[in-house]
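Here the structure is laid out as C-alpha coordinates; the discussion comes afterwards.
The values are calculated or read from the model by the stated rules, or taken from the named source; none is laboratory data. The model shown is predicted, which means the values in this text are computed figures rather than measured ones. Positions of Cβ are backbone-derived with ideal geometry, glycine not excepted, and every protein chain shown enters the neighbour counts.
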Amino acid sequence: MRSKLEWRAARVIAIETPAEDVRAVTFAVDGLRSLFDPGSHTNIKVTIGGSPAIRTYTVLPSEPGTLKIAVKLHPNSRGGSAFIWTLKPGDTTEVTEPENRFELSWRASHYLLVAGGIGITPIYGMAHALAARGQSIRLIYGARSREQMAFAEELRDLLGDRLQTFAQAEGQAFDLAAEFERLPPEGEAYLCGPHGMLEAARNLWRASGRPMSRLRFEVFGDSGRFAEQAFTVAVPHRGRSVEVRADQTMLDALIEAGIDMIYDCRRGECGLCAVNVIETSAPIDHRDVFFSDEERHEDVKMCACVSRAVGGCVTIDTGYRRDTATSGQPASMATA
Ligand code: FES
(Lines give C-alpha, C1' and ligand atoms only; values in the text may rest on other atoms or scores of the structure.)
Protein backbone atom coordinates (compact mmCIF):
# COMPACT_ATOMS: atom_id res chain seq x y z
CA MET A 1 0.00 0.00 0.00
CA ARG A 2 1.35 3.41 -0.77
CA SER A 3 0.60 6.85 0.47
CA LYS A 4 -0.14 9.88 -1.68
CA LEU A 5 2.00 10.29 -4.80
CA GLU A 6 4.87 12.75 -4.40
CA TRP A 7 5.14 14.80 -7.60
CA ARG A 8 8.39 16.47 -8.65
CA ALA A 9 9.14 18.96 -11.40
CA ALA A 10 11.12 17.29 -14.20
CA ARG A 11 13.01 18.63 -17.23
CA VAL A 12 14.16 16.59 -20.22
CA ILE A 13 17.96 16.61 -20.43
CA ALA A 14 18.68 13.79 -22.90
CA ILE A 15 16.97 11.78 -25.63
CA GLU A 16 18.40 8.53 -27.02
CA THR A 17 17.14 5.91 -29.47
CA PRO A 18 18.27 2.49 -28.17
CA ALA A 19 16.17 0.64 -30.80
CA GLU A 20 14.37 1.71 -33.96
CA ASP A 21 11.02 2.07 -32.18
CA VAL A 22 12.23 2.86 -28.65
CA ARG A 23 13.03 6.28 -27.25
CA ALA A 24 14.91 6.74 -23.97
CA VAL A 25 14.28 10.01 -22.14
CA THR A 26 16.31 11.28 -19.18
CA PHE A 27 14.81 13.88 -16.84
CA ALA A 28 16.56 16.07 -14.29
CA VAL A 29 14.19 15.92 -11.32
CA ASP A 30 13.91 18.61 -8.63
CA GLY A 31 14.37 17.24 -5.12
CA LEU A 32 14.48 13.59 -6.20
CA ARG A 33 15.33 11.48 -3.15
CA SER A 34 15.36 7.98 -4.64
CA LEU A 35 18.40 6.25 -6.05
CA PHE A 36 17.95 3.66 -8.80
CA ASP A 37 16.13 0.54 -7.58
CA PRO A 38 15.80 -2.29 -10.18
CA GLY A 39 12.17 -2.99 -11.13
CA SER A 40 10.85 0.36 -9.90
CA HIS A 41 8.56 2.66 -11.86
CA THR A 42 7.56 6.31 -11.94
CA ASN A 43 4.33 8.05 -12.88
CA ILE A 44 4.57 10.83 -15.45
CA LYS A 45 2.08 13.57 -16.26
CA VAL A 46 1.37 13.47 -19.99
CA THR A 47 -1.02 15.24 -22.31
CA ILE A 48 -3.23 13.13 -24.52
CA GLY A 49 -5.62 14.70 -26.99
CA GLY A 50 -5.19 18.01 -25.16
CA SER A 51 -6.20 16.51 -21.82
CA PRO A 52 -3.95 15.74 -18.84
CA ALA A 53 -3.35 12.07 -17.99
CA ILE A 54 -0.90 9.95 -16.01
CA ARG A 55 1.19 7.13 -17.42
CA THR A 56 3.51 4.73 -15.61
CA TYR A 57 6.94 3.74 -16.89
CA THR A 58 9.78 1.57 -15.59
CA VAL A 59 12.82 3.44 -14.35
CA LEU A 60 16.20 2.65 -15.91
CA PRO A 61 19.61 3.06 -14.24
CA SER A 62 20.67 6.73 -14.29
CA GLU A 63 22.71 9.29 -12.38
CA PRO A 64 21.49 10.52 -8.95
CA GLY A 65 18.99 13.38 -9.34
CA THR A 66 17.77 12.04 -12.69
CA LEU A 67 15.16 9.55 -13.91
CA LYS A 68 15.45 7.68 -17.19
CA ILE A 69 12.69 5.80 -19.00
CA ALA A 70 12.50 3.99 -22.34
CA VAL A 71 9.24 4.00 -24.26
CA LYS A 72 8.22 2.07 -27.34
CA LEU A 73 6.09 3.95 -29.85
CA HIS A 74 3.14 1.62 -30.06
CA PRO A 75 0.70 1.80 -33.01
CA ASN A 76 -2.24 1.10 -30.66
CA SER A 77 -1.04 3.52 -28.01
CA ARG A 78 -3.72 5.33 -26.08
CA GLY A 79 -1.44 8.33 -26.45
CA GLY A 80 1.08 8.03 -23.61
CA SER A 81 3.92 6.76 -25.75
CA ALA A 82 3.05 9.25 -28.52
CA PHE A 83 3.40 12.08 -25.98
CA ILE A 84 6.76 10.80 -24.72
CA TRP A 85 7.97 10.66 -28.32
CA THR A 86 7.20 14.39 -28.76
CA LEU A 87 9.47 15.38 -25.86
CA LYS A 88 12.71 17.22 -26.56
CA PRO A 89 15.50 18.56 -24.33
CA GLY A 90 14.24 21.44 -22.20
CA ASP A 91 10.60 20.28 -22.10
CA THR A 92 9.09 20.02 -18.64
CA THR A 93 6.55 17.82 -16.90
CA GLU A 94 6.09 16.23 -13.47
CA VAL A 95 7.10 12.77 -12.27
CA THR A 96 6.70 10.89 -9.00
CA GLU A 97 9.30 9.46 -6.68
CA PRO A 98 9.78 5.89 -8.00
CA GLU A 99 8.03 3.00 -6.31
CA ASN A 100 8.77 -0.71 -6.65
CA ARG A 101 6.33 -3.59 -6.97
CA PHE A 102 8.66 -5.75 -9.04
CA GLU A 103 11.53 -6.08 -6.62
CA LEU A 104 14.40 -8.52 -6.73
CA SER A 105 14.39 -10.83 -3.71
CA TRP A 106 18.21 -11.00 -3.47
CA ARG A 107 17.79 -14.46 -1.92
CA ALA A 108 17.86 -16.79 -4.96
CA SER A 109 20.70 -19.11 -5.96
CA HIS A 110 20.09 -18.26 -9.63
CA TYR A 111 18.02 -15.66 -11.49
CA LEU A 112 16.28 -16.36 -14.78
CA LEU A 113 15.34 -13.05 -16.39
CA VAL A 114 12.95 -13.10 -19.35
CA ALA A 115 12.00 -10.08 -21.47
CA GLY A 116 9.57 -9.82 -24.38
CA GLY A 117 9.98 -6.67 -26.50
CA ILE A 118 9.91 -3.45 -24.46
CA GLY A 119 9.54 -5.67 -21.38
CA ILE A 120 13.33 -5.41 -21.37
CA THR A 121 13.14 -2.14 -19.39
CA PRO A 122 12.90 -3.59 -15.83
CA ILE A 123 14.91 -6.66 -16.81
CA TYR A 124 17.77 -4.46 -18.08
CA GLY A 125 18.03 -2.72 -14.70
CA MET A 126 17.85 -6.05 -12.88
CA ALA A 127 20.60 -7.54 -15.05
CA HIS A 128 22.88 -4.62 -14.24
CA ALA A 129 22.19 -4.83 -10.51
CA LEU A 130 22.60 -8.62 -10.35
CA ALA A 131 25.76 -8.62 -12.46
CA ALA A 132 27.27 -5.90 -10.27
CA ARG A 133 26.82 -8.20 -7.28
CA GLY A 134 28.21 -11.25 -9.05
CA GLN A 135 24.92 -13.16 -8.95
CA SER A 136 24.16 -16.15 -11.17
CA ILE A 137 21.96 -14.95 -14.06
CA ARG A 138 20.55 -16.07 -17.38
CA LEU A 139 18.70 -13.55 -19.53
CA ILE A 140 16.30 -14.59 -22.29
CA TYR A 141 15.31 -11.70 -24.58
CA GLY A 142 12.84 -12.00 -27.44
CA ALA A 143 11.65 -9.29 -29.84
CA ARG A 144 10.13 -8.99 -33.31
CA SER A 145 13.51 -8.16 -34.87
CA ARG A 146 17.10 -7.39 -33.85
CA GLU A 147 16.50 -3.72 -34.74
CA GLN A 148 13.77 -3.64 -32.09
CA MET A 149 15.96 -5.08 -29.32
CA ALA A 150 16.81 -2.14 -27.10
CA PHE A 151 20.05 -2.42 -25.09
CA ALA A 152 20.93 -5.83 -26.61
CA GLU A 153 24.55 -4.93 -27.41
CA GLU A 154 25.14 -3.41 -24.01
CA LEU A 155 23.64 -6.48 -22.35
CA ARG A 156 25.83 -8.73 -24.51
CA ASP A 157 28.90 -6.85 -23.24
CA LEU A 158 27.65 -7.19 -19.67
CA LEU A 159 26.53 -10.83 -19.71
CA GLY A 160 28.31 -12.54 -22.60
CA ASP A 161 26.77 -15.95 -23.28
CA ARG A 162 24.51 -15.60 -20.25
CA LEU A 163 22.30 -13.57 -22.65
CA GLN A 164 20.26 -15.42 -25.28
CA THR A 165 18.37 -13.35 -27.85
CA PHE A 166 15.55 -14.48 -30.12
CA ALA A 167 14.24 -12.53 -33.13
CA GLN A 168 10.82 -13.52 -34.45
CA ALA A 169 11.73 -12.14 -37.88
CA GLU A 170 14.46 -14.79 -38.06
CA GLY A 171 12.03 -17.55 -37.08
CA GLN A 172 13.40 -17.77 -33.54
CA ALA A 173 11.38 -18.28 -30.37
CA PHE A 174 12.38 -19.15 -26.86
CA ASP A 175 11.14 -22.21 -24.99
CA LEU A 176 9.93 -21.13 -21.56
CA ALA A 177 9.17 -24.68 -20.43
CA ALA A 178 12.77 -25.71 -21.15
CA GLU A 179 14.10 -22.60 -19.39
CA PHE A 180 12.05 -23.36 -16.29
CA GLU A 181 13.23 -26.95 -16.37
CA ARG A 182 16.91 -26.01 -16.32
CA LEU A 183 16.40 -23.54 -13.46
CA PRO A 184 17.83 -24.89 -10.16
CA PRO A 185 15.22 -25.58 -7.43
CA GLU A 186 16.24 -22.48 -5.46
CA GLY A 187 16.15 -20.32 -8.57
CA GLU A 188 13.69 -17.51 -9.28
CA ALA A 189 12.28 -16.20 -12.54
CA TYR A 190 11.50 -12.55 -13.34
CA LEU A 191 9.55 -11.83 -16.50
CA CYS A 192 8.28 -8.74 -18.24
CA GLY A 193 6.47 -8.82 -21.55
CA PRO A 194 3.10 -8.96 -23.23
CA HIS A 195 0.05 -10.43 -21.61
CA GLY A 196 0.14 -13.73 -23.53
CA MET A 197 3.74 -14.43 -22.58
CA LEU A 198 3.05 -13.87 -18.90
CA GLU A 199 -0.09 -16.00 -18.94
CA ALA A 200 1.87 -18.86 -20.55
CA ALA A 201 4.66 -18.44 -18.00
CA ARG A 202 2.27 -18.49 -15.09
CA ASN A 203 0.61 -21.69 -16.32
CA LEU A 204 3.93 -23.42 -17.04
CA TRP A 205 5.35 -22.42 -13.67
CA ARG A 206 2.28 -23.67 -11.84
CA ALA A 207 2.44 -26.97 -13.76
CA SER A 208 6.13 -27.34 -12.82
CA GLY A 209 5.17 -27.47 -9.13
CA ARG A 210 7.56 -24.66 -8.17
CA PRO A 211 6.39 -22.17 -5.49
CA MET A 212 4.51 -19.29 -7.15
CA SER A 213 6.41 -16.89 -4.86
CA ARG A 214 9.52 -17.63 -6.96
CA LEU A 215 7.91 -16.37 -10.16
CA ARG A 216 7.63 -12.61 -10.43
CA PHE A 217 6.32 -10.74 -13.39
CA GLU A 218 5.21 -7.42 -14.73
CA VAL A 219 3.06 -6.78 -17.75
CA PHE A 220 3.49 -3.80 -20.04
CA GLY A 221 0.57 -1.79 -21.32
CA ASP A 222 -1.06 -1.70 -24.73
CA SER A 223 -1.28 -5.48 -24.71
CA GLY A 224 -4.97 -6.02 -25.35
CA ARG A 225 -6.55 -8.29 -27.95
CA PHE A 226 -8.35 -5.37 -29.61
CA ALA A 227 -7.41 -1.84 -30.61
CA GLU A 228 -8.71 0.85 -28.27
CA GLN A 229 -12.22 2.08 -28.92
CA ALA A 230 -14.38 4.59 -27.11
CA PHE A 231 -17.08 3.04 -24.93
CA THR A 232 -19.60 3.99 -22.28
CA VAL A 233 -19.49 2.92 -18.66
CA ALA A 234 -22.74 3.15 -16.70
CA VAL A 235 -22.52 3.35 -12.90
CA PRO A 236 -26.12 2.94 -11.65
CA HIS A 237 -25.34 3.29 -7.93
CA ARG A 238 -23.96 6.73 -8.70
CA GLY A 239 -26.64 7.51 -11.28
CA ARG A 240 -23.93 8.27 -13.84
CA SER A 241 -23.00 7.32 -17.36
CA VAL A 242 -19.42 8.14 -18.39
CA GLU A 243 -17.83 8.19 -21.85
CA VAL A 244 -14.37 6.59 -22.02
CA ARG A 245 -12.33 7.95 -24.92
CA ALA A 246 -10.15 5.64 -26.98
CA ASP A 247 -7.06 7.41 -25.60
CA GLN A 248 -8.13 7.15 -21.98
CA THR A 249 -8.39 4.38 -19.39
CA MET A 250 -11.70 3.57 -17.77
CA LEU A 251 -10.13 4.38 -14.39
CA ASP A 252 -9.11 7.88 -15.55
CA ALA A 253 -12.54 8.53 -17.09
CA LEU A 254 -14.32 7.51 -13.86
CA ILE A 255 -11.99 9.62 -11.70
CA GLU A 256 -12.45 12.59 -14.03
CA ALA A 257 -16.22 12.15 -13.69
CA GLY A 258 -15.90 12.34 -9.91
CA ILE A 259 -16.58 8.67 -9.18
CA ASP A 260 -14.86 7.29 -6.05
CA MET A 261 -12.18 4.80 -7.12
CA ILE A 262 -9.52 2.87 -5.23
CA TYR A 263 -6.43 1.93 -7.19
CA ASP A 264 -2.70 1.50 -6.90
CA CYS A 265 -0.50 0.02 -9.65
CA ARG A 266 -2.43 1.26 -12.74
CA ARG A 267 -0.91 -1.74 -14.57
CA GLY A 268 -3.45 -4.52 -14.05
CA GLU A 269 -1.37 -6.21 -11.37
CA CYS A 270 -2.71 -5.38 -7.90
CA GLY A 271 -6.46 -5.80 -8.53
CA LEU A 272 -7.38 -2.83 -6.34
CA CYS A 273 -9.25 -1.04 -9.12
CA ALA A 274 -11.42 -4.09 -9.98
CA VAL A 275 -15.09 -3.29 -10.52
CA ASN A 276 -18.09 -5.61 -10.69
CA VAL A 277 -19.53 -6.00 -14.18
CA ILE A 278 -23.34 -6.01 -14.02
CA GLU A 279 -23.87 -6.31 -17.76
CA THR A 280 -22.12 -5.45 -20.99
CA SER A 281 -23.27 -4.93 -24.56
CA ALA A 282 -19.76 -5.55 -25.97
CA PRO A 283 -16.91 -7.98 -25.33
CA ILE A 284 -14.54 -7.06 -22.52
CA ASP A 285 -10.86 -6.88 -23.42
CA HIS A 286 -9.24 -8.04 -20.17
CA ARG A 287 -5.66 -6.76 -19.97
CA ASP A 288 -4.83 -7.49 -16.35
CA VAL A 289 -2.61 -10.18 -14.89
CA PHE A 290 -4.47 -10.14 -11.59
CA PHE A 291 -7.42 -12.39 -12.42
CA SER A 292 -7.15 -16.03 -13.46
CA ASP A 293 -8.11 -17.18 -16.97
CA GLU A 294 -11.37 -18.54 -15.55
CA GLU A 295 -12.22 -15.28 -13.81
CA ARG A 296 -11.55 -13.29 -16.97
CA HIS A 297 -13.76 -15.60 -19.03
CA GLU A 298 -16.60 -15.13 -16.55
CA ASP A 299 -16.62 -11.34 -17.20
CA VAL A 300 -17.86 -10.74 -13.67
CA LYS A 301 -15.07 -8.34 -12.74
CA MET A 302 -12.63 -6.15 -14.67
CA CYS A 303 -9.62 -4.03 -13.78
CA ALA A 304 -10.58 -0.44 -14.60
CA CYS A 305 -6.97 0.69 -15.02
CA VAL A 306 -6.23 -1.47 -18.07
CA SER A 307 -9.26 -3.46 -19.23
CA ARG A 308 -11.81 -2.02 -21.63
CA ALA A 309 -15.08 -2.74 -23.36
CA VAL A 310 -14.74 -3.11 -27.12
CA GLY A 311 -17.19 -0.31 -27.90
CA GLY A 312 -20.77 -0.39 -26.59
CA CYS A 313 -21.68 0.04 -22.95
CA VAL A 314 -20.56 -1.78 -19.83
CA THR A 315 -22.58 -1.38 -16.64
CA ILE A 316 -20.56 -1.64 -13.43
CA ASP A 317 -20.65 -1.33 -9.66
CA THR A 318 -17.41 0.03 -8.26
CA GLY A 319 -18.10 -1.74 -4.97
CA TYR A 320 -17.02 1.38 -3.12
CA ARG A 321 -19.48 3.03 -0.76
CA ARG A 322 -18.29 6.15 1.01
CA ASP A 323 -20.38 5.36 4.14
CA THR A 324 -19.01 1.81 4.47
CA ALA A 325 -15.38 2.61 3.73
CA THR A 326 -13.00 1.68 6.54
CA SER A 327 -10.94 4.31 8.23
CA GLY A 328 -7.75 2.63 6.91
CA GLN A 329 -5.81 4.51 4.24
CA PRO A 330 -6.38 2.96 0.81
CA ALA A 331 -3.47 2.63 -1.59
CA SER A 332 -4.67 5.58 -3.61
CA MET A 333 -8.13 6.96 -3.80
CA ALA A 334 -9.66 9.61 -5.97
CA THR A 335 -12.94 10.93 -4.68
CA ALA A 336 -15.67 13.20 -5.93
S1 FES B 1 -4.73 -0.29 -10.09
FE2 FES B 1 -3.73 -2.20 -9.83
S3 FES B 1 -4.85 -3.52 -11.13
FE4 FES B 1 -5.69 -1.57 -11.51
For the stretch 107-150, which positions are closer than 16 Å to Phe217 by Cβ, in a strand (DSSP E or B) and among the small types (Gly, Ala, Ser)? Ala115, Gly116, Gly142
Hey, does the stretch 107-114 have a residue that's surrounded by fewer than 19 Cβ atoms within 10 Å (Cβ to Cβ) and over 27 Å from Leu176 (Cα atoms)? no
Looking at (1) within 23 Å of Ala24 (Cβ to Cβ); (2) within 24 Å of the chain's Cα centre (by Cα), which is the only condition Leu159 fails? (2)
Of Ala131, Ala108, Ala127, which residue is more than 15 Å from Cys192 (Cβ to Cβ) and touching a Leu at 6+ places or on another chain (Cβ under 6 Å)? Ala131
Residue check for Ala253: over 17 Å from the mean Cα position of the chain (by Cα) and either modelled with pLDDT under 85 or within 19 Å of Asn43 (Cβ to Cβ) (or both): yes
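For the stretch 287-301, which positions are hydrophobic (A, V, I, L, M, F, W, C) and more than 10 Å from the ligand (Cβ to nearest atom)? Give the steps one after another, and end with the answer.
Taking the stretch 287-301 first, the residues hydrophobic (A, V, I, L, M, F, W, C) are 289-291, 300.
Val300, the sole residue that qualifies.
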Going through the stretch 163-193 one residue at a time, which ones are under 16 Å from Ala115 (Cα atoms), crowded, with 17+ Cβ neighbours inside 10 Å and not hydrophobic (A, V, I, L, M, F, W, C)? Thr165, Glu179, Glu188, Tyr190, Gly193
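Scan the stretch 276-286 and tell me whether some residue there is within 15 Å of the chain's Cα centre (by Cα), among the charged types (D, E, K, R) and either within 15 Å of the ligand (Cβ to nearest atom) or at pLDDT 85 or above (or both). Working first, answer last.
Restricting attention to the stretch 276-286, the residues satisfying the condition of being within 15 Å of the chain's Cα centre (by Cα) are 286.
From the residues that got through so far, the ones that are among the charged types (D, E, K, R) too are none.
The answer is no, given that none of the residues of the stretch 276-286 is within 15 Å of the chain's Cα centre (by Cα), among the charged types (D, E, K, R) and either within 15 Å of the ligand (Cβ to nearest atom) or at pLDDT 85 or above (or both).
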With the structure loaded, tell me whether Arg144 is farther than 17 Å from Pro194 by Cβ and not aliphatic (A, V, I, L, M) or whether it fails that test. no
